[in-house]
1. Kirkwood Rh over alpha-carbon pairs of the stretch 186-236, then Stokes-Einstein at 4 °C and 1.567 mPa s: what D in µm² s⁻¹, rounded to an integer?
2. With every protein chain present, what accessible area does Thr13 have (1.4 Å probe, heavy atoms only), rounded to the nearest 10 Å²?
3. Would you mind working out the magnitude of the charge dipole of the stretch 83-234 relative to its Cα centre, with +1 at each Lys and Arg C-beta and -1 at each Asp and Glu C-beta, to the nearest 20 Debye?
4. Using DSSP to call loops (not H, G, I, E or B), can you name the trypsin sites (Lys or Arg not before Pro) in the stretch 129-236 whose Cβ has at most 13 other Cβ atoms within 10 angstrom?
5. Could you pull out every residue, at least 5 positions away or on a different chain, whose amide H is within less than 5 Å of the one on Asp183? Hs are placed 1.01 Å off N in the peptide plane, and Pro or chain starts have none.
6. Restricting the count to DSSP beta bridges whose residues both fall in the stretch 92-236, what percent are antiparallel, rounded to a multiple of 5?
7. List the GluC sites (Glu not before Pro) within the stretch 100-168 that fall in a DSSP loop (any state other than H, G, I, E or B) and whose Cβ has at most 15 other Cβ atoms within 10 Å.
8. Taking the Cα centroid of the stretch 106-122 and of the stretch 157-231, what is the distance between the two, rounded to the nearest whole Å?
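The values are calculated or read from the model by the stated rules, or taken from the named source; none is laboratory data. None of these values were measured; they are calculated from a predicted model. Glycine also receives a Cβ, built like all others from the backbone with ideal geometry; neighbour counts cover every protein chain displayed. These area figures cover heavy atoms from the full protein model, side chains too; ligands, DNA and RNA do not enter into them. Shrake-Rupley method; radii C 1.70, N 1.55, O 1.52, S 1.80 Å.
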Amino acid sequence: FVLHDTSRYSLETSPAEALKIELDLPESSRVVQVALQRRQQWQAARARATAHLRCDKYFAAPSHPEFAPTPAGGTKGGRVKEDGALAFGSFVHRLLEQVSLPSGDDLDRIARSAAEEFGIHGAWLAEGRALVRRALTSELFGRVRNADAVYRELPFTDVHEGVLWEGAMDLVFMEKGQAVIVDFKTDEEPHPERYHSQMTAYRRSLEKISGLPVKEAWIYFLRPDKVVSIKDAAMV
């Protein structure tokens, strides 16, 4: 390191220009008008720079929040609050992620833990547990039990046309070297057309990352217990 004897330095610096603020100038004054004009120009330049630097256009998440209606026995009247619906959807997804396959014999224990995590109780808890228990006996989960490999909440990151796509696929299982994608929804009514872009992104990313073909993509609407295939033609 180097030591400097600052006693030899001149640290006195006079301002090149004194700062003067006239507080009593009328708004019609030319000085004020010029200052306001410069401020507006600065604000416009800042807005353009902020818009250019925003990250939204460079990142995308295929999944969209679910808005679930109130379960039987819950609060009546219209659609539930967004935070409650999201908590219920997250609760159900957590059960499907962690429950043991194929037996599901630990569902009640996992449900108690997840209910505490997401603040789920009463009718919400009972319905979520019932939805998962029914799903485990479905034909689709019969295929899952016989699959060569099963991945739940499979995270992915993919760059497509300059945009970074990232998220997690609810369920992916392998059959004879080909992938099957399943996404779970807690919507009251099945509307698969709302999720075509999401499933398209899943399919595109999985094929690109794994190098394996995706032969099927399904949306499992748990409440009406309906499994809908998203055909290739609809995903283009």
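1. D, rounded to a whole number, is 112 µm²/s.
2. 120 Å²
3. Once rounded to the nearest 20, the dipole reads 360 debye.
4. Those satisfying the criteria are Lys176, Lys231.
5. HN-HN under 5 Å from Asp183: Trp218, Ile219, Tyr220.
6. 75 percent
7. In loop regions of the stretch 100-168 (DSSP not H, G, I, E or B), the sparsely surrounded GluC sites (Glu not before Pro) are Glu161.
8. The distance from the Cα centre of the stretch 106-122 to that of the stretch 157-231 comes to 26 Å.
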